[in-house]
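First the structure, in the form of structure tokens, and then the observations on it.
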Amino acid sequence: MVTAARTISQVAMHMAVSFGVLYVLTGSFVAGGAAAVLEPICNVILMPFHDKFWERVRQRVEAHDRRNASPSVPAQTTMQV
């Protein structure tokens with residue numbers, strides 16, 4: 001229940017910010033309303049691409065770290081002559 005309320009609150013906040021910014025910039029309720037509707041739609045469409053991009057970045061960083069990890073240094077042994 002709390003998760004649903006939080007999600008609805010976040011969507012409402014995004015829509016209000018989109019509306020407010022575009023209304024202040026243009027003075028148009030129509031432009032503000034269009035932005036309020038289009039912004040969440042664009043987020044839904046583009047967010048999977050954003051997530052895939054950052055997942056690839058994370059994988060590359062981890063692979064780089066694994067390749068460059070210093071191997072454990074074996075203890076020095078004395079040579080007997």
> What tally of residues in region 28-81 results from selecting those that are modelled with pLDDT under 95 and part of a loop (DSSP other than H, G, I, E, B)?
Replying inline: 14
>> Tell me whether region 16-23 contains one or more residues that are of a type in the set (S, T, N, Q) and modelled with pLDDT under 95.
In response: yes
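The values are calculated or read from the model by the stated rules, or taken from the named source; none is laboratory data. Since we're looking at a predicted model, the values are computed, not measured.
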